[in-house]
1. Size of the dipole of the range 2-110 about the Cα centre, Lys and Arg at +1 and Asp and Glu at -1 on the beta carbon, nothing else charged, in debye to 20?
2. Mind putting a number on the dipole of the chain about its Cα centre? Charges go on the C-beta only, +1 for Lys and Arg and -1 for Asp and Glu, and I need it in Debye to the nearest 20.
3. Tell me which of Leu175, Ile96, Trp126 sits at the most positive position along the dipole axis of the range 77-209, charges placed on C-beta atoms (Lys, Arg +1; Asp, Glu -1).
4. For the range 97-173, state the average projected area of the convex hull of the C-alpha atoms over all orientations, rounded to one decimal in nm².
5. Placing +1 on the Cβ of each Lys and Arg and -1 on the Cβ of each Asp and Glu in the range 1-152, which of Leu80, Gln2, His143 has its Cα farthest towards the positive end of the resulting dipole?
6. As a quick test, which of the pairs Lys8/Lys63; Lys132/Lys157; Lys63/Lys190; Lys39/Lys117 have an alpha carbon distance above 32 angstrom in this structure?
7. By how many nm would the segment from His164 to Met65 lengthen if fully extended, with 0.36 nm per residue of separation less the alpha-carbon distance?
8. Would you indicate which of (i) 62, 35, 24; (ii) 70, 52, 36; (iii) 51, 36, 31 is the value of Cα extents along the principal axes in Å derived from the coordinates of this structure?
Amino acid sequence: MQKAIVGKKLGMTQLFDANGNVVPVTVIEAGPCAISQKKTVENDGYDAVQVGFGDLKAAKVNKPMKGHFGKADVAPKKVLREFRFDDCAAYNVGDIIKADVFAEGDKVDVRGTSKGKGYAGVIKRWNFSRLKESHGTGPVHRHGGSLGVIDPARVFKNHKMAGHLGAERVTVQNLEIVKVDAENNIIAVKGAVPGPKGAIVVVFDSVKA
C-alpha cells in the first residue's frame with residue numbers, strides 16, 4: 001500500500017547511529033492527518049484521497065469550507081493536499097494518518113517549497129560569469145549582456161535573465177528515515193529537505209526505492 005503524509009519542517013539536528021557515526025537529519029512533524037474527502041472516477045474523474053493537516057479555529061473557516069469539513073465530520077484543517085494512490089480503497093473519510101505509517105529504514109521522497117530569495121541578478125540566479133574589471137568595462141560588470149538578436153529582433157522564450165529566485169516546488173528523492181517517534185508524530189529524515197523552518201512538506205514513498 002502506498003504511503004504519504006503531510007507535515008511541517010521543524011529544523012535540522014544530528015543523531016548517532018549504532019556505530020557512533022554522526023547522521024545529519026531533518027526533523028519533521030508528520031501528522032496527524034485526517035482524510036477529509038475521497039475522490040472517485042465516477043464523481044470527479046479520478047481517484048484520490050484529500051488529507052488535512054494542522055488544526056484551524058472554526059472562526060477562521062469560511063462557510064463553504066465549514067460545510068466541506070462538516071460533511072466529512074473532520075475538524076477544520078490549515079493545509080489540504082491530495083494523494084493519487086493506486087489503491088484508494090484502503091482509506092476512508094475520517095481516518096487518521098500518523099507518523100507510524102512509516103518505519104525506520106524506509107526510503108521516501110520529500111516535497112516542499114524552497115526558500116524565497118527575492119529578485120536576483122543573473123550571476124546569483126543562473127551562475128553567469130562577470131565581466132572584467134579592467135578599463136572600459138564600465139558600470140555593467142554584473143549585467144547579463146545583450147538580450148536580443150538582429151533577427152527576429154526579440155528576446156527568445158526561456159532566456160535566462162534576472163528575476164525572482166527561489167520559492168519553487170522542490171522534491172528531494174530517495175531519503176532514508178532514520179527515526180520515527182510515533183508518540184509525538186515526529187520523523188527524522190537523513191539529509192536536508194526543501195524549505196525554511198516551519199515550511200509545509202509532503203513525505204511519500206520513494207519512486208526509487
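The values are calculated or read from the model by the stated rules, or taken from the named source; none is laboratory data. All figures in this text were calculated on a predicted structure; none of them were measured in a lab. With ideal geometry, Cβ positions are generated from the backbone for all residues, glycine too; neighbour counts draw on all protein chains shown. All accessible areas refer to the heavy atoms of the entire protein, side chains included, with ligands and DNA or RNA removed. Shrake-Rupley method; radii C 1.70, N 1.55, O 1.52, S 1.80 Å.
1. 760 debye
2. My answer is approximately 1300 debye.
3. Trp126
4. Projected over every direction and averaged, the Cα hull of the range 97-173 covers 9.5 nm².
5. His143
6. Violating the 32 Å limit, Cα to Cα: Lys63/Lys190; Lys39/Lys117.
7. 32.4 nm
8. (ii)
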